[in-house]
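The values are calculated or read from the model by the stated rules, or taken from the named source; none is laboratory data. What you see is a predicted model, and the numbers here were worked out from it, not measured in a lab. All Cβ positions, even for glycine, are placed from backbone atoms using ideal geometry, and neighbour counts span all protein chains on display. The protein model used for the area step is the full one, side chains on, heavy atoms only, and it has no ligands, DNA or RNA in it. Shrake-Rupley method; radii C 1.70, N 1.55, O 1.52, S 1.80 Å.
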Amino acid sequence: MEYQHKRGTPKSRIRNKMETLKVKAFGMVAEKLPEQEFAFPPQTDTAAFLANLYLEYPELKDIKFSLAVDRKLVNEKTALQGGEEIALLPPFSGG
Amino acid sequence: MNRFARQTILPGFGKEGQEKLASARILVVGAGGLGCPVLLHLAAAGIGTIGIADGDSINESNLNRQTLFGQQHIGMPKAETAAAILKEKYPDITFRVFPEFLNPQNALEVIGDYDLVLDGSDNFGTRYLVNDACVLLEKPLVMGAIYQYEGQVMVFNFGKDPVNYRDLYPDHPQGQQVPNCSETGVLGVLPGIIGTLQATEAIKVLTGIGKVLAGKMLFYNMKDAAFYEIAVQHNPLSRKKIPVSIEAFRSKNYDINCGTPEEISWEKAMDWTRNMDSSLLVDIREPQEEPLIEKEGIIKIPMGNLREDPERLSHYENVLLFCRSGQRSGILATELKQRFPEKKIFSVKGGILHPSSPLNSTENETKT
């Protein structure tokens with residue numbers, strides 16, 4: 001069961017409404033946060049997630065980044081069930 | 001044994017794979033930290049025609065990561081130098097040098113000649129420009145980008161249901177959102193890895209081997225030795241942001257480098273320098289860069305030195321910076337303006353190469 005939880009695809013994962021979100025930050029976004037990876041209270045959808053993330057870390061408003069939920073880019077408001085992995089992905093410009 | 005024996009004996013690659021590389025025409029945008037490993041590997045792999053677009057010159061602080069170049073190349077133009085070095089190694093490859101930065105006027109013409117484009121540029125303006133041009137021309141684009149200890153690799157306009165950069169980031173970052181236009185720190189090995197991944201994906205696109213990283217974005221973090229891959233979906237905004245036609249592309253403004261620097265003409269710059277004691281005209285090129293300019297009123301402080309010790313400017317009200325093309329002076333002017341918001345800090349438009357530059361006569365003679 002433990003193995004299943006860690007490695008299972010999102011579909012096979014049994015979600016618990018109370019399960020916290022796992023947030024992973026990249027690049028400049030990670031610099032504005034105390035941790036590169038952290039847990040966040042469960043949210044109903046990505047818009048609520050962002051609103052609460054900005055409340056906690058207002059500095060993030062100055063940075064452009066995209067969101068991926070369970071390693072899929074999301075462009076529009078997407079429902080969350082709890083337990084998702086949310087990646088904060090800024091563009092990089094260096095070469 | 002021929003040069004490619006070790007790859008032609010590979011199952012699934014074979015002579016056919018090699019022939020595909022030999023007949024391929026690729027364009028590398030930016031011969032810098034990413035462009036160098038891209039060029040080294042794709043030239044070694046036996047690509048037939050390689051175009052190199054870069055308007056910059058080599059400076060000493062490039063050498064930790066721009067592995068084609070050495071101490072003896074400081075001050076020399078990147079695109080020409082890279083082509084000359086590789087041509088010496090592999091005389092049978094055709095190299096095409098485009099010693100300028102891409103812009104909306106020249107990009108479609110330059111890119112149109114190639115089968116595939118690799119973007120290793122160092123600013124968002126060029127990234128969006130190259131992306132939009134490749135969408136319009138339906139050219140596969142292998143993009144790589146770095147930020148401190150992390151990198152990104154993406155393959156656009158390829159495969160079923162292709163995506164592009166604007167599906168990820170519909171608009172370019174503005175103002176404060178632009179992650180430091182000034183150069184940030186980088187360990188040379190990071191662009192080495194990201195550029196090598198780009199070269200790998202280019203070979204896969206061209207030969208059809210393996211599964212191309214299309215429709216995905218791959219992140220790499222060298223500190224954690226971690227890869228992270230996400231699937232990219234279509235963003236309805238993307239199509240709206242890409243120019244609909246060649247005409248619309250040519251008139252679009254892609255100048256978003258880092259907040260735009262204030263520019264000044266050569267005429268005005270010379271006039272201010274001559275007539276105002278509070279004005280300082282600074283040559284920010286590397287000491288070895290040609291043409292060497294010894295002229296009254298012009299002082300030489302290389303870009304790196306000025307960054308380290310900006311206080312040298314504290315006595316002047318107007319600071320006028322120039323370099324070869326106006327690119328570096330533009331970047332430095334924006335940085336210094338943040339340090340000294342009360343001063344007037346200008347980049348001399350077009351640099352030494354500008355037609356109205358009083359300094360460009362020797363440059364033209366040696367170039368042609």
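Among all residues of region B:253-271, there is none that is in contact (Cβ under 8 Å) with a residue 40 or more places away in the chain, among the hydroxyl-bearing types (Ser, Thr, Tyr) and more than 28 Å from B:Gly326 (Cβ to Cβ).
For B:Lys300, indicate whether it is modelled with pLDDT under 95 and out of contact with any Gly (no Cβ under 8 Å at 6 or more places or on another chain). Taking the combined requirement at face value, the residue satisfies it.
Test B:Ser182 against the stated conditions and say whether it is at pLDDT below 95, out of contact with any Gly (no Cβ under 9 Å at 6 or more places or on another chain) and more than 24 Å from B:Asn64 (Cα to Cα). Considered against the rule, which asks whether it is at pLDDT below 95, out of contact with any Gly (no Cβ under 9 Å at 6 or more places or on another chain) and more than 24 Å from B:Asn64 (Cα to Cα), B:Ser182 comes out as no.
Within region B:277-307, the residues that satisfy the criterion of being open to solvent by 70 Å² or more (accessible area, probe 1.4 Å) and more than 25 Å from B:His73 (Cβ to Cβ) are B:Asp277, B:Lys295, B:Glu296.
For residues that are hydroxyl-bearing (Ser, Thr, Tyr) and surrounded by 14 or more Cβ atoms within 10 Å (Cβ to Cβ), scanning just region A:35-79, find the one that is farthest from the other protein chains (Cβ to nearest Cβ). Steps first, answer last, please.
As a first pass, look at region A:35-79 and keep what is hydroxyl-bearing (Ser, Thr, Tyr): A:44, A:46, A:54, A:57, A:66, A:78.
Still in the running and surrounded by 14 or more Cβ atoms within 10 Å (Cβ to Cβ): A:46, A:57, A:66, A:78.
Details: A:Thr46: 13, A:Tyr57: 15, A:Ser66: 6, A:Thr78: 11 Å.
Once the filter is applied, the top-ranked residue is A:Tyr57.
For region B:309-323, indicate whether the set of residues that are in contact (Cβ under 8 Å) with a residue 60 or more places away in the chain and either of a type in the set (D, E, K, R) or open to solvent by less than 20 Å² (accessible area, probe 1.4 Å) (or both) is non-empty. Within region B:309-323 (the criterion being in contact (Cβ under 8 Å) with a residue 60 or more places away in the chain and either of a type in the set (D, E, K, R) or open to solvent by less than 20 Å² (accessible area, probe 1.4 Å) (or both)), the answer is no, since none of the residues qualifies. When B:Val205 is tested against (1) in contact (Cβ under 8 Å) with a residue 24 or more places away in the chain; (2) part of a loop (DSSP other than H, G, I, E, B), just one condition goes unmet, and that condition is (2). Please determine, by comparing only the residues of region B:227-241 that are under 26 Å from the mean Cα position of the chain (by Cα) and modelled with pLDDT of 95 or more, which one is nearest to B:Gly125 (Cα to Cα). Ranking the candidates gives B:Val232 first.
Within region B:330-344, residues that are under 11 Å from B:Pro261 (Cα atoms) sit with their Cβ atoms under 7 Å from residues that are among the hydrophobic types (A, V, I, L, M, F, W, C) and in a loop (DSSP other than H, G, I, E, B), at 6+ positions apart or across chains, in these pairs: B:Ile331/B:Cys181; B:Ile331/B:Cys258; B:Leu332/B:Ile284; B:Thr334/B:Cys181; B:Thr334/B:Cys258.
Tell me the residue from B:Val212, B:Val244, B:Val205, B:Val282 that is of a type outside the set (S, T, N, Q) and in contact with a Pro (Cβ under 6 Å, 6 or more places away or on another chain), please. Quick ask: steps written out before the conclusion?
Working: B:Val212 fails: in contact with a Pro (Cβ under 6 Å, 6 or more places away or on another chain); B:Val244 fails: in contact with a Pro (Cβ under 6 Å, 6 or more places away or on another chain); B:Val282 fails: in contact with a Pro (Cβ under 6 Å, 6 or more places away or on another chain).
Checking each option against the conditions leaves just B:Val205.
Taking the criterion of being open to solvent by 10 Å² or more (accessible area, probe 1.4 Å) and of a type outside the set (Gly, Ala, Ser), the residues of region A:80-93 that qualify are A:Leu80, A:Gln81, A:Glu85.
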